[in-house]
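As structure tokens, the structure follows; a few thoughts come after it.
Taken together, the values in this text are just the output of simple stated rules run on the coordinates, not laboratory data. A quick note: this is a predicted structure, and the numbers were derived from the prediction, not measured. Cβ: placed from backbone, ideal geometry, glycine included. Neighbour counts: every protein chain shown.
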Amino acid sequence: MFFTEALVESVKKTPGEGRLCRNILLEPKEQMYREAIRYLGYKSETDLTPEIDDLVRKGLDEICSIAEPRTIYRYFFLDGQKPGDFSISKNSNSACSSGACSISLQQYEGVILMGATLGGSVDRLLSRIQIRNISYALVLDSCATAAIEAICDDLQNNLTAIYAAQNRYLTNRYSPGYGDLPLSAQIPLLQMLDTERKIGLSLTPSFLLTPSKSVTAIIGVSTVPQKKEHVSCDICEMRHVCHFRRREVSL
Amino acid sequence: MIIDNLLEQFTLLDGGMGTMLQAAGLPLGICPEILNMEKPEFIENIHRQYIEAGSQIVYSNTFGANSYKLSGTEFSPAEIIDAAVKIARRAAEKDGAKVALDIGPLGKLLEPNGCLSFEEAYVLFQEQVLAGERAGADLIIIETLSDLLEVKAAVLAAQENVDLPIFVTMSYEENGRTFVGCDPVSMGITLDGLGVTALGLNCSLGPRDLLPMLEKLRRHTNLPLIMKANAGLPNLENNRYDLSAPDYAQQLIPMIDLGVTIFGGCCGTTPEYIREIAALLKTRKPVPREKLSFSAVCSAGNAVVINRPTIIGERINPSGKKVFQQALLDHNIDYVLNQGISQVEAGAKILDVNVGLPGIDEAAMMRTVVSRLQAVVDAPLQIDSTNPKTLEAGLRIVNGKPLINSVNGEDESLRTILPLAKKYGAAVLGLCLDKNGIPDKAKDRVNIARKILRRALDIGIKHEDVYIDCLVLAASVQQAEVVETLKAIRMVKEELNLKTVLGVSNISFGLPNRELLNQAFLTLALGAGLDLPIINPNIAPMCDAIAAFNVLLNHDRNSASYIAKYNTAASSTKSTATNSSNDISYAIHHGLAEEAALCAEELLTKHEPLDIVNEKLIPALDDVGKSFEKGVIYLPQLLQAATSAQGAFAVVQKAVANSGKQQLTKGKIILATVKGDVHDIGKNIVKVILENYGYTIYDLGRDVAPEKVLSAAVEHDVQLIGLSALMTTTLGSMEETIHLVKKNRKDAIFFVGGAVLTPDYAKKIGADYYAHDAKQSVDIAKKVLG
């Protein structure tokens, strides 16, 4: 286990840890809608035909009504005694290795580990619709991705507010598989959060999360305000294949 | 032994083990089972504290002692379990307490949600129960599981390998279901059938919050009930649970009133809680429970209690269906699943599953279809075969309580089939025939039913789990006997009080306007007491007859379902936008599926099937493909067009199949999502598009091992193989697959795709082509296969 030793669990936990948190999915879905059509490859809303527009709205409603979203997070104080021990980056000695997709957490006071899932009902729906109607399945898949991101954003917003009250500032969230944070970091992350028991989230042997519409992430907590980071695509290992890459990136 | 009188006296279990360990400073992320080896006296002390507080059964510290969870440690499950059970035995000896071998979830999801096969799960559990028995455990407790199929693997592993009582408790969330969607009703029905010793709930919530789930469970089993709740919810201020020991005990009182007799505590509970419960139980007596009797089958999340006409969908059956037979030969499981989903959408409550066809491994096919089907539909299944091996293959892997189709009055049949029903806790359908065939007279059929019932009861199958099919003879052949069937149904209901099943549509065989006769006969049979018609629910008049019957017999209260179904005047008269030119190209361009199918039917009256594909379907798809490449349309529209073309293509293929000709094909292609990868929407998109172009696709599914790709390539003699991988961690499997197949089949040609692939990387791992999207897959297929 490569990053647990320097962590000391704090008592700060989320209220209703692991309970259903459907509220954000019941609110107007414009932001989710924009994300969903972006995942579908549309550059702007005007490119949508009325039929696809209907399909996306129907898909969002269906996902949001059957999802059983649950989140969990834990705050860990970073033990200053052994600052070198804790790193989630391959380049563990650099202050902030090669770029923004990785974070070396020595500069932070602590970290929040978080997990979120839409639950197994969404996977079942996706499997069923893939057999019946592949175009709607694709739309639903994008809607589900938008929904889990909305759940994570909501959690992060809440955390930001909670920590701001204590003059603490949060970084963006970083997930295994992005930048140079390896997928294998899922193992300790899930163990530290006890996700299997708390929110029903587990791993396959090749580090895929099940249920599939789930996210785990690490958020740094600092005593100084964090710049809104511009995450460059240049440092990302997915830059050659990513469909959402910013155009200016040199390959 | 206390385990003998679980209903007549209270039994007190222990409280939380993890809670005690954490209180003593066990850090997060550390395997608590290691402490059995490193600090045995510490664990023994915890057991002692519980026993001194009143626990009569303590759980060994083996919750995660399986090969998977212990893989990062230096110990095997057998070593840990041996040590842990012996520690518990030492603690228990003095007071005569019992030791339960504790088994928690494996930590990996079973197929098809995850990658672990049922048999792999079985082997992991088998290792644990064998070690537990050797070490001297008195019983087995399977706890905190959320997947009913995983529970079943554990229960079978215990029943088939050791001779110990089995307790099962599952964990429910506040929405009344487990994380994977199992509800307490299905749990009760299924585990009661499998014959565990006691069952109940543990973990996740406090007693009060678990009460609704417990009530449901209580209404669906007669077995002793267990309650081992958390000490409320975690209190965020002090990192402790919010329910005190006295409050916890107070919240158990309604459960005692419900008839629960086995109590303990889970997370957050300590010896203090056990003492409080012990004090409470001293002041109370077990409350006798009313004995329940009802007929039901279920999936993991959906129970069907047979108390009104209930449709069994008959369409998953290859007999007499050429397209279905071809699908089985091609291993086209999606076709089969589609039959299942569409029947459920049309109103089937139970699905019959029959995959018997010469030339295929029927048992393996049954296993695959049941496993895949239960991932996409909630309906309980009826496992249908004449081959006991096939039946067992399905019964083993089915999640929930199935119905077996069928046993009959012959001794051989009774001897082989009834024990399967008993062992797997299934309901069983008995046919009123024996070695002399179907008796003409009702009373002779009922005598066979009586014999089947008696033999079933003799081996311990419950009365309510025997259903009878009085059998239909074609009116065109044995017109006089039609009334005998109706009479037999009435007699079975009145004399034997059993549920009745009937395959209705045989009645009209050989006569014109079959639907009319089928509907009329169905109505008569329902009137005679038919509970479970086996029909094709996609044929509206059959479902209509049932809907009407349910209104007239007052099953459909306030006619609510009937009105919802038929009062369509208010809902939009959806225009099916028929365009005047009846142009298949237009229909495909605009994603009009029904329209495209109608156009194809129209075209078949004037054109050869192959010409329709080559001159109409493919040019239309090419046009759409070009628009997609140019960025004029996007993927969802491309797929809508593909879906409508699929409908048209199916019409053409059906016409070809019915004419007895060879299926149209432009060539054969294998598609698979590689080993370790479970995300397969990309592969499914490619499949739909390629099928549209007339290629025969052998879809091996997801998480496919290299050897399986090779054997499919050999078996079906396929040269072109498409592989998909979504994650960097599974690219290795892709490379391995390509190398293995190419080593054994020099002419194999691979195209690969997926989010993490690049053209360079594709080349590096030995692929012949890189496909950026579904459209490029078609270009590659055209190049290779023409």
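If you project the alpha carbons of the protein assembly as shown onto their three principal axes, what span does each projection cover, largest first, in Å?
So the extents along the principal axes, rounded to whole Å, are 84, 78, 60.
So which GluC sites (Glu not before Pro) in the range B:474-504 pass both tests, a DSSP loop state and at most 13 other Cβ atoms within 10 Å of the Cβ?
Working: sites: B:Glu481, B:Glu484, B:Glu494, B:Glu495; in loops: none.
Those that pass, being in a loop and sparsely packed, number zero.
Distance from the Cα centre of the range B:77-140 to that of the range B:505-527, in angstrom?
Spelled out, the Cα-based centre of one part sits 55 Å from the other.
For B:Ala375 and A:Arg22, FRET efficiency with R0 = 22 Å and r from the beta-carbon atoms, rounded to 0.05? Kindly include the intermediate steps, with their values, before the conclusion.
Values: r = 24 Å, r/R0 = 1.08.
Step by step, r from the Cβ atoms, then E = 0.40.
Filter the cross-link list B:Lys349/B:Lys462; A:Lys58/B:Lys783; B:Lys654/B:Lys675 down to pairs whose alpha-carbon distance in this structure exceeds 27 Å. The partial results should precede the final answer.
On the way: B:Lys349/B:Lys462 22 Å; A:Lys58/B:Lys783 39 Å; B:Lys654/B:Lys675 34 Å.
Those over the limit are A:Lys58/B:Lys783; B:Lys654/B:Lys675.
Suppose each label sits 7 Å from its Cα in the direction of the beta carbon; what would the B:Gln663-B:Asn614 distance come out to in nanometres?
Those two pseudo-labels are separated by 2.1 nm.
Mind jotting down the three principal axis lengths of the range B:244-362 based on Cα atoms? Whole angstrom, largest first.
69, 33, 25
Sequence gap at least 6, Cα distance under 8 Å: using those rules, report the relative contact order of the range B:309-456 to the nearest whole percent.
Details: 232 pairs, mean separation 25.1, N = 148.
Dividing the mean separation by the residue count of the range B:309-456 yields 17 percent.
So what is the 222 nm mean residue ellipticity for the protein assembly as shown from helices alone, if each DSSP H run of at least 4 adds -39500 (n - 2.57) and you divide by all residues, rounding to the nearest 500 deg cm²/dmol? Could you put the intermediate results ahead of the total?
On the way: 37 runs with 441 residues, N = 1037.
The per-residue figure over the protein assembly as shown is -13000 deg cm²/dmol.
Quick one: Karplus J couplings for the range B:64-80, per residue in order, coefficients 6.51, -1.76, 1.60, θ = phi - 60°, nearest Hz, x for Gly and Pro?
Each residue's phi maps through the Karplus curve to give x, 7, 10, 4, 5, 6, 8, 4, x, 10, 8, 10, 8, x, 4, 5, 5 Hz.
Which one, A:Leu190, A:Ser175, A:Ala164, is farthest towards the positive end of the dipole of the range A:101-218 when Lys and Arg carry +1 and Asp and Glu -1 on their Cβ?
A:Leu190
The range B:757-777 to the range B:395-418: how many Å between their Cα centroids?
Here the answer is 49 Å between Cα centres.
What's the center-to-center distance, using Cα atoms, between the range B:602-669 and the range B:159-217 in Å?
So the two Cα centres are separated by 49 Å.
Per-residue HN-Hα couplings for the range B:613-629, Karplus 6.51 cos²θ - 1.76 cosθ + 1.60 at θ = phi - 60°, whole Hz, x for Gly and Pro?
Using θ = phi - 60°, the values come out as 5, 6, 9, 10, 5, 5, x, 4, 5, 4, 4, 4, x, 5, 4, 5, 4 Hz.
Let me check I have the definition right: for chain B, take the eigenvalues of the Cα gyration tensor, multiply each by 5, take square roots. What are those semi-axes in whole Å, largest first?
On the way: eigenvalues 485, 278, 112 Å².
Taking √(5λ) for each Cα gyration eigenvalue gives 49, 37, 24 Å.
Check B:Asp469: other-chain or 5+ apart residues with amide H under 5 Å from its amide H, H built from backbone geometry?
Answer set, sorted by chain and number: B:Gly430, B:Leu431, B:Cys432, B:Val501.
Pairs B:Lys668/B:Lys775; B:Lys322/B:Lys661; A:Lys29/B:Lys630; B:Lys668/B:Lys708; B:Lys742/B:Lys764: which exceed 21 Å Cα-Cα?
Values: B:Lys668/B:Lys775 17 Å; B:Lys322/B:Lys661 11 Å; A:Lys29/B:Lys630 30 Å; B:Lys668/B:Lys708 16 Å; B:Lys742/B:Lys764 14 Å.
Over 21 Å apart, Cα to Cα: A:Lys29/B:Lys630.
Taking a spot 7 Å from the Cα of B:Lys291 along the direction of its beta carbon, which residues of the range B:6-41 have an amide N less than 15 Å from it?
B:7-8
Using amide H atoms built 1.01 Å from N in the peptide plane, name the residues 5+ places from A:Thr210, or on other chains, whose amide H lies under 5 Å from its own.
Excluding prolines and chain starts, which carry no amide H, the hits are A:Ser202, A:Leu203, A:Thr204.
Where does helix B:271-282 land angle-wise versus the long Cα axis of chain B, in degrees 0 to 90, nearest 10?
That works out to roughly 80 degrees.
Straight-line reach from B:Lys216: which aspartates and glutamates have Cα under 17 Å away, leaving out those fewer than 8 places along the same chain?
Leaving aside aspartates and glutamates fewer than 8 places away in the same chain, those within reach of B:Lys216 are B:Glu173, B:Glu174, B:Asp183, B:Asp192, B:Asp257, B:Glu290.
Between B:Ala560 and B:Ser711, what length comes free when the chain is fully extended (0.36 nm per residue of separation minus the Cα-Cα distance, one decimal in nm)?
49.0 nm
Nearest 20 debye, what's the magnitude of the dipole of chain B about its Cα centre given +1 on Lys and Arg Cβ and -1 on Asp and Glu Cβ?
Working: 76 positive and 92 negative charges, 212 e Å.
Dipole of chain B, to the nearest 20 debye: 1020 debye.
Taking the radius of gyration and the Kirkwood hydrodynamic radius from Cα positions alone, what is the Rg/Rh ratio for the range B:169-265, to two decimal places? Please report the intermediate quantities before stating the final value.
Working: Rg = 13.2 Å, Rh = 13.5 Å.
Ratio of gyration radius to Kirkwood radius: 0.98.
Suppose every K and R has +1 on its Cβ and every D and E has -1 on its Cβ; what is the size of the dipole of the protein assembly as shown about the Cα centre, in Debye to the nearest 20? Present the calculation step by step, with values, prior to reporting the outcome.
Working: 104 positive and 121 negative charges, 134 e Å.
That gives the protein assembly as shown a dipole magnitude of about 640 debye.
In debye to the nearest 20, how big a dipole does the range B:334-440 give about its Cα centre with +1 on each Lys and Arg Cβ and -1 on each Asp and Glu Cβ? Please report the intermediate quantities before stating the final value.
Working: 10 positive and 13 negative charges, 91 e Å.
In debye, rounded to 20, the range B:334-440 gives about 440.
Give me the percent of DSSP beta bridges within the range B:286-442 that run antiparallel, rounded to the nearest 5.
Numbers: 5 of 19 bridges.
Looking only at bridges with both residues in the range B:286-442, the antiparallel portion is about 25 percent.
Show which aspartates and glutamates lie in cross-link reach of B:Lys565 when reach means a straight Cα distance below 14 angstrom and same-chain residues fewer than eight apart are skipped.
B:Glu345, B:Asp544, B:Asp556
Could you pull out every residue, at least 5 positions away or on a different chain, whose amide H is within less than 5 Å of the one on B:Tyr241? Hs are placed 1.01 Å off N in the peptide plane, and Pro or chain starts have none.
Close amide H contacts, sequence-distant or interchain: B:Asn235.
Please state the relative contact order of the range B:388-512 as a whole percent: Cα pairs under 8 Å, 6+ residues apart?
Details: 197 pairs, mean separation 27.4, N = 125.
After rounding, I find 22 percent.
So for the range B:300-390, considering every pair of alpha-carbon atoms, how many percent are separated by more than 19 Å?
Working: 1444 of 4095 pairs.
For the range B:300-390, the fraction of Cα-Cα distances above 19 Å is 35 percent.
Using a Förster distance of 30 Å, how high is the FRET efficiency between A:Ile162 and B:Arg90, based on the Cβ-Cβ distance and rounded to 0.05?
Details: r = 47 Å, r/R0 = 1.58.
It comes to 0.05.
How would you rank A:37-50, B:705-718, B:330-343, highest first, on the average number of other Cβ atoms within 10 Å across their residues? Please report the intermediate quantities before stating the final value.
Details: A:37-50: 15.0, B:705-718: 16.9, B:330-343: 20.5.
The densest-packed peptide leads the list: B:330-343, B:705-718, A:37-50.
Apply the Karplus parameterisation 6.51 cos²θ - 1.76 cosθ + 1.60, with θ equal to phi minus 60°, to every residue of the range B:438-454 and state each ³J(HN,Hα) to the nearest whole Hz, in sequence, with x for glycine and proline.
Whole-Hz 3J(HN,Hα) from phi for the range B:438-454: 8, x, 5, 8, 4, 5, 6, 5, 5, 4, 5, 4, 5, 5, 4, 4, 4.
Can you give the alpha-carbon Rg of the range B:681-764 over 2.2 N^0.38 Å, where N counts its residues?
Normalised by 2.2 N^0.38 Å, the Cα Rg of the range B:681-764 equals 1.04.
How big is the antiparallel share of DSSP beta bridges in the range B:182-296, given as a percent to the nearest 5?
Taking every DSSP beta bridge with both residues in the range B:182-296, the antiparallel ones total about 20 percent.
Please give the FRET efficiency for B:Gln250 paired with B:Ser342, using the beta carbon to beta carbon distance and R0 = 45 Å, rounded to the nearest 0.05.
Values: r = 51 Å, r/R0 = 1.14.
Efficiency, from the Cβ-Cβ distance: 0.30.
Can you tell me which aspartates and glutamates have their Cα less than 17 Å from the Cα of B:Lys94? Leave out same-chain residues fewer than eight positions away.
In chain and number order, the partners are B:Asp14, B:Glu41, B:Glu44, B:Glu52, B:Asp138.
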